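Asks: One structure is given below, represented as structure tokens, and several questions about it will come after.
The values are calculated or read from the model by the stated rules, or taken from the named source; none is laboratory data. Predicted, not measured: the structure shown is a model, and the values here were computed from it. A quick note on method: Cβ atoms are made from the backbone with ideal geometry, for glycine too, and the neighbour counts reach across all protein chains shown. Areas reflect the complete protein model, heavy atoms only, side chains present, ligands, DNA and RNA absent. Shrake-Rupley method; radii C 1.70, N 1.55, O 1.52, S 1.80 Å.
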Amino acid sequence: MIKLNTNHLLNTVDFTKYHDAINVINEGINKMTGLGNDYLGWADWPINYDKDEFALIKKTAHHIQSNYDTLVVTGIGGSYLGARAAIEAIKGLFPQKGVEIIFLGHTFSPTLTKQTLEYLKDKNFAINVISKSGTTTETSIAFRLLKKLLIEKVGEKKANQAIFATTDPKGGALRKLSNINNYTTFTLPPNIGGRYSVLTAVGLLPLAVAGINIDDLMAGAKLARQESIHNLNHDLYKYAMIRDYMYRHNYKSELYVVYEPQYAMFNEWLKQLYGESEGKDKKGLFPTSVTFSTDLHSLGQFIQDGSPILFETILYVNEPLLDIEIPYEAENLDELNYLAGKKLSYVNKQAFLGTLSAHVNEGKVPNLVFEIEKLDTFTLGYMFYFFMRSCAVSAYLLEINPFNQPGVEVYKKNMFQLLGKPGY
Ligand code: PA5
């Protein structure tokens with residue numbers, strides 16, 4: 001599905017040195033005994049997922065497609081990034097057909113919130129509010145505003161029918177609200193944390209509404225699980241070992257690189273996954289990202305010649321979703337006729353190859369390349385599982401619990417004090 005090319009790493013990792021540690025870590029995942037084991041539910045999810053709920057997701061998606069023109073997905077962090085990453089990766093940034101999916105609840109931005117609400121005034125929209133805790137402030141405020149608009153537009157009864165909530169099966173404010181108002185609900189299993197939840201209803205409902213085949217997505221994830229659980233030579237373990245090696249050899253930042261803007265949100269998903277899982281106890285690689293060639297005209301200079309603190313991890317997709325040929329012009333005033341008749345994908349690929357050589361051979365920046373022939377839904381499901389498992393292994397190599405995020409609470413406490421929230 002995806003192939004890890006280590007030829008440009010400029011470092012030789014002795015994988016045999018890691019064998020015993022990886023073996024113990026993998027057993028800890030398979031037997032659900034590793035650190036933070038209450039949150040290892042994602043590991044067997046591709047075979048254990050709730051088939052009844054899966055069927056309900058498909059049925060509900062069909063209902064939304066038949067009755068609404070827009071779905072507002074309302075969530076933040078793990079309750080947001082996976083769905084957006086997947087929809088953009090599969091459908092591109094300007095999909096012309098189907099239900100329009102827009103996102104809110106991931107920001108306090110007054111401007112974006114107000115503009116989104118204005119935009120929705122003339123739309124026949126439904127809401128998928130996603131929050132495991134049900135108390136996340138960004139999401140709760142956005143939901144309150146969206147709900148108000150919807151009730152003003154269609155009345156309370158129809159509004160309640162147009163709200164679909166994904167939350168904890170029992171507890172939390174959103175579950176309570178859903179029970180009172182009879183929203184259709186979906187479950188975020190208690191043993192799966194936000195950033196490991198893209199293959200649950202959190203990701204599946206928005207994806208299915210967007211017209212993405214969620215059977216294919218789960219099949220891809222299932223293959224990644226099946227291939228890797230008993231095979232320590234799998235690339236996902238190699239990737240975790242390489243990250244660990246680089247971290248211990250003074251590369252403190254990993255730069256995710258894509259060559260299509262439609263994959264930029266996948267970078268964001270990776271950054272959250274790795275940053276929130278690993279960045280603890282003053283340890284962990286700092287994950288950051290760029291989209292080339294755009295960012296070659298901004299950060300490219302630093303990457304080539306700046307402080308040698310980072311290595312690059314490139315996700316290179318060979319076959320684009322769409323392609324276009326560069327036209328011939330008789331005048332040739334822009335001097336582009338040497339490219340006439342060539343596809344833009346060809347130019348993008350030469351940019352990739354030229355940059356790889358510049359960064360590695362001249363800049364001496366270690367590069368890892370994930371070669372992906374085509375990023376279809378099956379491959380994406382495979383990638384989601386691949387990176388989640390690899391991330392857990394990577395955090396365990398640093399002796400870190402991958403599934404908590406104690407540091408995130410500090411800003412919240414301060415903000416709540418400043419806002420005068422009762423109890424703070
Ligand atoms: O990965 C995580 O656990 C977090 O990023 C959460 O997903 C995020 O904070 C949103 O939380 P909730 O779903 O409770 O609103």
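Asks: What are the radius of gyration and Dmax of the stretch 190-271, computed over its Cα atoms and given in Å?
Replies: Both quantities, over Cα of the stretch 190-271: 15.6, 45 Å.
Asks: Let me ask you something else. Could you tell me, in Å, what Rg and Dmax come out for the Cα atoms of the stretch 56-107?
Replies: 11.5, 30
Asks: Here is a follow-up. Taking every DSSP beta bridge that has both residues in the chain, what percent is antiparallel when rounded to the nearest 5?
Replies: Beta bridges within the chain, antiparallel portion: roughly 10 percent.
Asks: Please give me, ordered by residue number, the trypsin sites (Lys or Arg not before Pro) of the stretch 66-98 that lie in loop per DSSP and have at most 14 other Cβ atoms within 10 Å.
Replies: Those that pass, being in a loop and sparsely packed, are Lys97.
Asks: Could you calculate, for the stretch 139-242, the ratio of the Cα radius of gyration to the Kirkwood radius, expressed as Rg to Rh?
Replies: That ratio equals 1.12.
Asks: Ok, one more. Report the normalised scattering of the stretch 275-424 as log10 I(q)/I(0) at q = 0.19 Å⁻¹, calculated by the Debye formula with identical scatterers on the alpha carbons.
Replies: -1.26
Asks: Please give the length that would be gained between Lys58 and Thr294 if that part of the chain were fully extended, namely 0.36 nm times their separation in residues minus their C-alpha to C-alpha distance (nm, one decimal).
Replies: Residue separation times 0.36 nm, minus the Cα-Cα distance, leaves 81.2 nm.
Asks: By how many nm would the segment from Thr12 to Gln65 grow when fully extended, if each residue of separation counts as 0.36 nm and the alpha-carbon distance is taken off?
Replies: Working it through step by step, the gained length comes to 14.0 nm.
Asks: I need the Kirkwood Rh of the stretch 110-179: take the reciprocal of the average 1/r across all distinct C-alpha pairs and report it in angstrom.
Replies: 12.6 Å
Asks: Can you tell me the Rg and Dmax of the chain, counting just the alpha carbons, in angstroms?
Replies: 22.5, 72
Asks: Cα convex hull of the stretch 41-212: mean projected area in nm², to one decimal?
Replies: 9.1 nm²
Asks: Pairs Lys132/Lys413; Lys31/Lys374; Lys132/Lys153; Lys170/Lys271; Lys282/Lys413; Lys222/Lys280: which exceed 25 Å Cα-Cα?
Replies: Where the Cα-Cα span goes over 25 Å, the pairs concerned are Lys31/Lys374; Lys132/Lys153; Lys170/Lys271; Lys222/Lys280.
Asks: Take Tyr237, Tyr247 and sort them by solvent-accessible surface of the protein heavy atoms, 1.4 Å probe, largest at the top.
Replies: Most to least solvent-accessible, the answer reads Tyr247, Tyr237.
Asks: What is the spin-label model distance, in nm, from Glu156 to Leu344 if the labels are put 7 Å beyond Cα along the C-beta direction?
Replies: It is 5.0 nm.
Asks: Could I ask something else about it? Please give the FRET efficiency for Glu325 paired with Asn213, using the beta carbon to beta carbon distance and R0 = 22 Å, rounded to the nearest 0.05.
Replies: Plugging the Cβ-Cβ distance into 1/(1 + (r/R0)^6) gives 0.15.
Asks: With θ taken as phi - 60° and the coefficients 6.51, -1.76 and 1.60, list the Karplus ³J(HN,Hα) couplings across the stretch 363-370 in order, rounded to whole Hz; mark glycine and proline as x.
Replies: Whole-Hz 3J(HN,Hα) from phi for the stretch 363-370: x, 6, 9, x, 10, 10, 10, 8.
Asks: Ser253 to Asp50: extension gain in nm, 0.36 nm per residue of separation minus the Cα-Cα distance?
Replies: 69.3 nm
Asks: Springs between alpha-carbon pairs under 10 angstrom, Gaussian network model over the chain: which of Ile47, Ile163, Ile130 fluctuates most?
Replies: Greatest mean-square fluctuation among the candidates belongs to Ile47.
Asks: First compute the accessible area of the chain with a 1.4 Å probe, then give the percent of it belonging to carbon and sulfur atoms.
Replies: Using a 1.4 Å probe with all protein chains present, the chain comes out at 53 percent carbon and sulfur.
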